[in-house]
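Take a look at the structure below.
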Amino acid sequence: MTLVHEALYYRSLDEYLTHTVRFVQDGLRRQEPVLVAVPEPRLGLLRTELGPEADGVRLLDMAEVGRNPNRIIPWVLRSFVDEHAPQPVRLIGEPIYEGRSQDELGPCVQHEALINVALARAEARVLCPYDVARLPDVVSDAEHTHPIIIEPDGSRRRGEYLDPAAVVAMYNRPLPEPSTPLSPAVRPDDGEHAVVLERAARRYGAGSTSMLGLPPTSVAFGAGRFHVVTGPSGSGKSTLLRLVSGLDRPTEGRVVTLGNDLATLDRDALARLRAARIGIVDQVRDLVPFLTASENVELGLAIRGVDPDDARPRAIEALEAVGLGEHLDRAPDGLSAGERLRVALARALAAGPDLLILDEPTAALDRAGARAVARLLAGLDGRVTVLATTHDPALIEAASDRLDLVVASGREPVSAAR
């Protein structure tokens with residue numbers, strides 16, 4: 001058995017349970033591992049209907065594990081397939097359900113299309129239920145993403161299947177125009193500051209149980225320079241990066257990034273700023289496991305709206321720049337930890353950012369790998385502003401400037417770049 005990907009149309013809970021329970025029980029009889037990821041209350045109904053057999057099934061709430069549709073394949077489906085390989089498995093996944101927002105539906109359809117690529121060689125049978133009574137508008141998408149359709153009466157037919165790449169392209173949407181215009185892009189110059197924090201602080205929670213994520217901090221990071229932020233755990237290094245990138249907002253003070261006062265930008269404008277001018281490499285590299293190094297970089301460019309014809313040569317150029325020109329077609333599991341970091345770095349650099357943000361980039365590397373990354377980042381000096389948190393002596397030595405943070409202990413700490 002290779003991949004069998006079916007859409008199940010149902011109009012009532014009786015039809016839903018009839019087909020899904022039969023699918024699960026058939027897998028259990030064949031001693032095949034079974035995973036079910038559907039939203040409540042259907043998850044609870046399935047558990048009740050299966051009775052003691054439910055103990056032999058991995059049951060997951062799709063509203064939790066599939067909250068981000070882009071992570072369902074690598075974190076749920078692919079990981080289950082890999083866990084039990086080469087044994088055949090059965091999967092029930094219902095990513096499209098009543099209550100999904102319009103912004104989520106497009107990525108859900110893309111997810112369904114990409115199952116046909118990501119699991120193409122897997123020994124897996126995948127059943128995807130669709131509530132055609134409550135969600136009639138999603139039927140055409142189900143037809144385009146599933147080779148086989150199961151009607152409510154149990155009859156099977158071929159879907160109006162499309163190339164997964166075509167479906168993904170249909171649902172790629174540019175980011176909306178921001179309600180607040182961004183400051184015009186200005187290239188690095190020694191007389192400018194790329195990032196300025198003015199008594200910026202972040203406190204989580206309220207009252208006696210609140211926690212100080214970042215104490216009031218005032219600092220300016222010069223444009224076109226390589227800056228490192230150091231300090232013990234709990235001093236606020238990662239929080240500072242989140243404030244600078246607009247992924248979090250300060251509870252007091254002000255953050256200005258690339259000429260933009262982030263307090264004046266709404267969510268869409270912040271997303272546009274990151275897409276257009278900021279590259280981010282965090283501690284979770286988030287490389288797509290079933291894509292090659294080049295495809296991972298191309299995906300980052302596609303999300304930013306780069307034409308596919310331009311994305312490929314830009315991805316190759318970025319990977320060659322980080323020393324991975326001979327590994328373009330390798331998947332992440334065929335690369336070392338240092339090489340995976342460099343793929344993530346190439347993905348961030350390929351978009352031509354003005355600001356590159358890295359959270360503990362060398363934490364998982366050996367000494368030689370750390371020194372190589374330090375040299376690479378130092379080589380960007382004068383072209384891109386680099387802001388990295390680290391404990392690594394190799395990065396600290398290579399940097400132009402260093403900011404030390406200290407853990408707050410009832411007093412405001414002194415934070416100064418030097």
Open item on the list: Would segment 337-406 count as rounded, prolate or oblate if I go by the C-alpha gyration tensor, calling it rounded below 1.5 in a/c and otherwise prolate when a/b exceeds b/c, oblate otherwise?
Closed with: oblate
Open item on the list: Quick check: the angle from helix 267-277's long axis to the longest principal axis of the chain, C-alpha only, nearest 10 degrees?
Closed with: 70
TODO: State in Å² the accessible area per residue of the chain; use a 1.4 Å probe, count heavy atoms of protein chains only, and round to the nearest integer.
DONE: 48
Open item on the list: What does DSSP give for the chain in terms of the percent of beta bridges that are antiparallel, rounded to the nearest 5?
Closed with: 35
Task: nm² value of the averaged projected area, convex hull over the Cα atoms of segment 1-130 - done: 7.2
Task: Rg followed by Dmax, in Å, when segment 56-113 is reduced to its Cα trace - done: 12.1, 37
Task: Coordinate range along principal axes, alpha carbons of the chain, Å, largest first - done: 71, 55, 41
Open item on the list: Please list, by residue number, every one of the trypsin sites (Lys or Arg not before Pro) in segment 90-147 that is coil in DSSP and has at most 15 other beta-carbon atoms within 10 Å.
Closed with: 121, 134
Task: Cα-based equivalent ellipsoid, segment 248-289: semi-axes from gyration tensor eigenvalues, Å - done: 23, 13, 10
Task: Carbon plus sulfur fraction of accessible area for segment 1-96, probe 1.4 Å, in percent - done: 48
Task: Descending semi-axes in Å of segment 9-60, equivalent ellipsoid built from Cα gyration tensor - done: 17, 12, 9
Task: For segment 220-339, average projected area of the Cα convex hull in nm² - done: 9.4
TODO: With just the Cα atoms of segment 268-365, tell me how far they stretch along each of the three principal axes, in Å, largest first.
DONE: 37, 32, 22
Open item on the list: Can you give me the % of accessible surface on segment 227-354 that is carbon or sulfur? Probe 1.4 Å, all protein chains present, nothing else counted.
Closed with: 48
TODO: With runs of 4+ DSSP H residues as the only contributors, calculate the mean residue ellipticity of the chain at 222 nm using -39,500 (n - 2.57) per run, divided by the residue total and rounded to the nearest 500.
DONE: -10500 deg cm²/dmol
Open item on the list: Residue by residue through segment 286-300, what is 3J(HN,Hα) from phi via Karplus (6.51 cos²θ - 1.76 cosθ + 1.60, θ = phi - 60°)? Round to whole Hz and write x for glycine and proline.
Closed with: 6, 6, 6, x, 9, 9, 6, 4, 5, 5, 5, 5, 4, 4, x
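The values are calculated or read from the model by the stated rules, or taken from the named source; none is laboratory data. All values reported here derive from a predicted model rather than from experimental measurement. Using ideal geometry, Cβ is built from the backbone for each residue, glycine included, and neighbour counts are taken over all protein chains shown. Side chains included, ligands, DNA and RNA excluded: accessible areas come from the protein's heavy atoms. Shrake-Rupley method; radii C 1.70, N 1.55, O 1.52, S 1.80 Å.
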